[in-house]
Amino acid sequence: MAGEPTAESIALLEKLVAALKRRGIMTEEDIQARVASADRASPETGARMVARAWTDPAYRELLLRDGTAAAEAMGVRMAGAPPLGVLEDKPDLHHLVVCTLCSCYPRAVLGYPPHWYKSAAYRARAVREPRAVLAEFGTALPPGVKVRVVDSTADYRWMVLPMRPAGTEGWTEDRLATLVTRDHLVGVSLPALQGATQAA
Amino acid sequence: MSRFAPGARVRVRDAWPERSAPMHLRTPHYLRGREGQVERVLGTFPNPEAIAFGRPGEPRPLYHVLFEQKPIWNEGEEGDTVMVEIFEHWLEEA
């Protein structure tokens, strides 16, 4: 994992940025806009998308068909971002997202990935023993539920659409969104009314 | 135009080009030689094996391919699966 940047790496970065500016490839404004966009992205965006899909069938259909368009419909700037795909959990199917080759993550709608998502342990184990990994996150799947690991190896980025917890009938979209955490959107845990699972 | 349609049985090429030259591959080693089923065509994307080295990446079809999880590792639960993005040039008919 990356630690504090060294003086050498900072000097190298400054030279690279200066060269890109000098050649007109990008401006300071471009950099600031991108930094602001990256800082704005957070799992709350993904949570709002899930809550809307739980309450609005047309939005749900769009989310599953074209995650990028669904994110844009929520005001997320997707230009330049990899396409977003959304994986629909079902009563007998649970999705778990990993990137075994590096750390591909749907940053546009979830923000920066957590430390564990990038760890060699998660990347190696999620694809080989997903049920043991889920158990370590405190996630017990109901009997009969199959696990589908989604290894994010190429140009898409993947987010899980979990099932709406029982007992939330009549809830507003805003209230539903408060139930959904980053971990639910990666698939290491399930949204629930009681706080049985927490963000790591 | 993509070669495989959803539902097609495919095999990931049992090739290891990274052993003979520096490579940037997006095909996980645990799937080389494994059989799966095309779930859907994800579109075409520039070949990452070229653009990683600053070469023009010609567009290649990308598929979401579904594999049974247990045969890959000889452990795990029956019916569990792994779904992976694989480029067309890594797939052959099974």
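No value in this document is a laboratory result; all are computed from the given coordinates. No experiment lies behind these values; they were computed from the predicted model shown. Note: ideal-geometry Cβ built from the backbone for every residue, glycine included; neighbour counts use all protein chains shown.
Of A:120, A:53, A:79, which has the largest mean-square fluctuation in a 10 Å C-alpha GNM of chain A?
Among A:120, A:53, A:79, the largest GNM mean-square fluctuation belongs to A:79.
Given the DSSP H assignment, sum -39500 (n - 2.57) over each helix run of at least 4 residues in the protein assembly as shown and divide by its residue total; what's the result at 222 nm in deg cm²/dmol, nearest 500? Intermediate values should be presented prior to the final figure.
On the way: 13 runs with 100 residues, N = 294.
Taken over the protein assembly as shown, the calculation gives -9000 deg cm²/dmol.
Averaged over peptide A:88-98, how many Cβ atoms belonging to another chain are found within 10 Å of each residue's Cβ?
Numbers: counts 0, 0, 0, 0, 1, 3, 1, 2, 2, 1, 1.
Other-chain Cβ atoms within 10 Å of each residue's Cβ, averaged: 1.
Order by neighbour count: B:14, A:89, fewest other Cβ atoms within 10 Å first, most last. Let's see the in-between values first.
Numbers: B:14 10, A:89 18.
In increasing order of surrounding Cβ atoms, one gets B:14, A:89.
Work out from phi, with θ = phi - 60° and the Karplus expression 6.51 cos²θ - 1.76 cosθ + 1.60, the ³J(HN,Hα) of each residue of region A:169-174, listed in order in whole Hz, and give x for Gly and Pro.
Whole-Hz 3J(HN,Hα) from phi for region A:169-174: 4, x, 5, 7, 4, 4.
I'd like the Karplus ³J(HN,Hα) series for region B:67-76: coefficients 6.51, -1.76, 1.60, θ = phi - 60°, whole numbers in Hz, and an x wherever there's a Gly or Pro.
With the stated coefficients, region B:67-76 comes to 10, 5, 6, 4, x, 5, 10, 6, 7, x Hz.
Would you work out if region A:6-93 is rounded, prolate or oblate? Take a ≥ b ≥ c from the square roots of the eigenvalues of the alpha-carbon gyration tensor; rounded if a/c is under 1.5, else prolate when a/b is larger than b/c, oblate otherwise.
Details: a/c = 3.30, a/b = 2.63, b/c = 1.26.
Taking the square roots of the gyration eigenvalues as a ≥ b ≥ c, region A:6-93 is prolate.
Taking the Cα centre of chain B as origin, sum charge times position over the Cβ atoms of Lys and Arg (+1) and Asp and Glu (-1), and report the length of that vector in debye to the nearest 20.
Magnitude of the dipole: close to 380 debye.
Helix A:7-22 against the longest principal axis of chain A: what's the angle in degrees, Cα atoms only, rounded to the nearest 10?
The answer is roughly 80 degrees.
Could you list B:83, A:74 so that the one with the fewest beta carbons within 10 Å of its beta carbon is first and the one with the most is last? It would help to have the intermediate numbers written out before the result.
Values: B:83 22, A:74 14.
Exposure proxy ranking, most exposed first: A:74, B:83.
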